[in-house]
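Structure, as structure tokens:
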Amino acid sequence: MTPATSSAIRRRSVDESRPTLPASTANDPRTIWRERFHAVRAETERRAAPLSAEDQVVQSMPDASPTKWHRAHTTWFFEQFLLIPHLTGYRAFDGEFAYLFNSYYVAAGPRHARPRRGLLTRPDCAEVAAYRAHVDNAVDRLIADATQAELPEVVRVLDIGLNHEQQHQELILTDILHAFAQNPVAPCYDASWRAPRSRSSMDYVSMASGVQNVGFAGEGFCFDNEQPAHQVFIQPARIARSLVTNAQWLDFIADDGYATPSLWLSDGWAAVEAEGWAAPGYWHKIDGAWHALTLGGRKPVDPAAPVTHVSYYEADAFARWAGKDLPTEAEWEVAARADLLDDAFGTAWQWTRSAYLPYPGYRAADGALGEYNGKFMVNQMVLRGSSHATPAGHARMSYRNFFYPSARWQFSGLRLVEYAG
Ligand SMILES: [Fe+2]
């Protein structure tokens, strides 16, 4: 699912030093979960490894968190929701960490203010590494010692924790790129990083219309916001096979897209004026040529690559300029399930014009974990697919990402749709 990306992202997280287990042990669910847990935990550390202690403490805006905080917060998540309720006799690594590393779980107690995460020089990186090791050992113990009766609930919460940590793995990269973008010397995260190539085509393909099924209805993990699966009505439409490219975006710029108020939503135009937007995030002109700060440092904008780091407002204005529309999230999912989309996954998240709302009949779970998704279902827009920074195995047809319409520090792009008649 990752056509071309940094070697740091491409290298997967399997601990190859581990001995091969006998078949009888390898098929044991506890072994499988322990291996899965360590693979995900190792991937976080691998993504943090190129970053110095100074890199890891900086917070460049309230929406972005320091790498060190991501490493600690994902660890607190296992401590808070898995170990404290389920591992008898578990002792928290440090009683103050719950305050420092709780993100937004009101039911889990008071927490440090989000915009001030970058002020936490202590605990230092070594202590966060020790925190991670402490929790890793305890989770190993819980997986080994849970009774057969306890194991299903342990595994359910463990799986949420792993998927949660994978979400933060992507944020480690998007957040450090935003931090590096504040630095005039344009730091490089991974010198071997290459822009993902998209399969560029101007084709629009007809998709199934009428009553269709969306949402998660299979086996395995999904987030609660992907359910209940339900029926939707799809208007006759043709969807772009490819993502919008930088070349197309350059045409939009050249046609004064950023200087034409009639193309923009009112809030979008206000953002253009307030932020001085004249190009996607991280673009700068050098000697008359557009360059972009990437995970591989500053590079000339590649016309063939999909555009990224555009907000919903920009995606919406581009669609209006092109005489098309952004697909709804249901249209995107129906088209993706029919295998009509190139680069649906692994290149760039794709804005849809769907507000992030609960599916019919959705109810958030009781307790603090019920705060995971449900309380954010207002004022944000849904993105579908996944990006080249999304960890392997994390994407799904029914996956719903969501951000505020002004956000553009994610690897967010778009594809278009056109309606019959
Ligand atoms: Fe989190």
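Please treat every number below as a calculation from the coordinates, not as lab data. Keep in mind that this is a model prediction, so the values were computed, not measured. We place every Cβ from the backbone using ideal geometry, glycine too, and count neighbours over all the protein chains shown.
The table that follows gives values for the structure above.
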read-out: Residue order, fewest to most surrounding Cβ atoms within 10 angstrom, among 324, 299, 375; value: 375, 299, 324
read-out: Ascending count of other beta-carbon atoms within 10 Å, so fewest first, for 316, 124, 366, 136; value: 366, 124, 136, 316
read-out: Linear extension gain, residue 365 paired with residue 119, 0.36 nm per residue minus alpha-carbon span; value: 85.2 nm
read-out: Interatomic Cα distance distribution for the chain, bins of 10 angstrom, percent; value: 4, 21, 31, 27, 14, 4, 0
read-out: Aspartates and glutamates whose Cα lies under 14 Å from that of residue 375, excluding same-chain neighbours fewer than 8 positions away; value: 224, 366
read-out: Principal-axis tilt of helix 29-48 within the chain, Cα atoms, nearest 10 degrees; value: 60
read-out: Counting all C-alpha pairs of the stretch 30-161, share separated by more than 21 Å (%); value: 41
read-out: Helix 151-180 vs. the chain, principal-axis angle (Cα, 0 to 90°, nearest 10); value: 50
read-out: Cα centroid separation, the stretch 147-206 to the stretch 320-362 (Å); value: 19
read-out: Gain on full stretching of the segment that runs from residue 197 to residue 339 - 0.36 nm per residue minus C-alpha separation; value: 49.3 nm
read-out: In degrees, nearest ten, helix 67-78 long axis to first principal axis of the chain (Cα); value: 60
read-out: Positive-end residue, the chain charge dipole about Cα centroid, Cβ charges, pick of 115, 289, 315; value: 289
read-out: The chain, dipole about Cα centre (Lys/Arg Cβ +1, Asp/Glu Cβ -1), debye to the nearest 20; value: 340
read-out: For the stretch 127-195, alpha-carbon Rg over 2.2 N^0.38 Å; value: 1.63
read-out: Cβ-derived FRET efficiency at R0 25 Å, residue 418 paired with residue 377, nearest 0.05; value: 0.30
read-out: Which of 390, 352 has the fewest Cβ neighbours within 10 Å, and the rest in rising order; value: 390, 352
read-out: The chain: relative contact order in percent, alpha carbon pairs under 8 Å with at least 6 residues between; value: 19
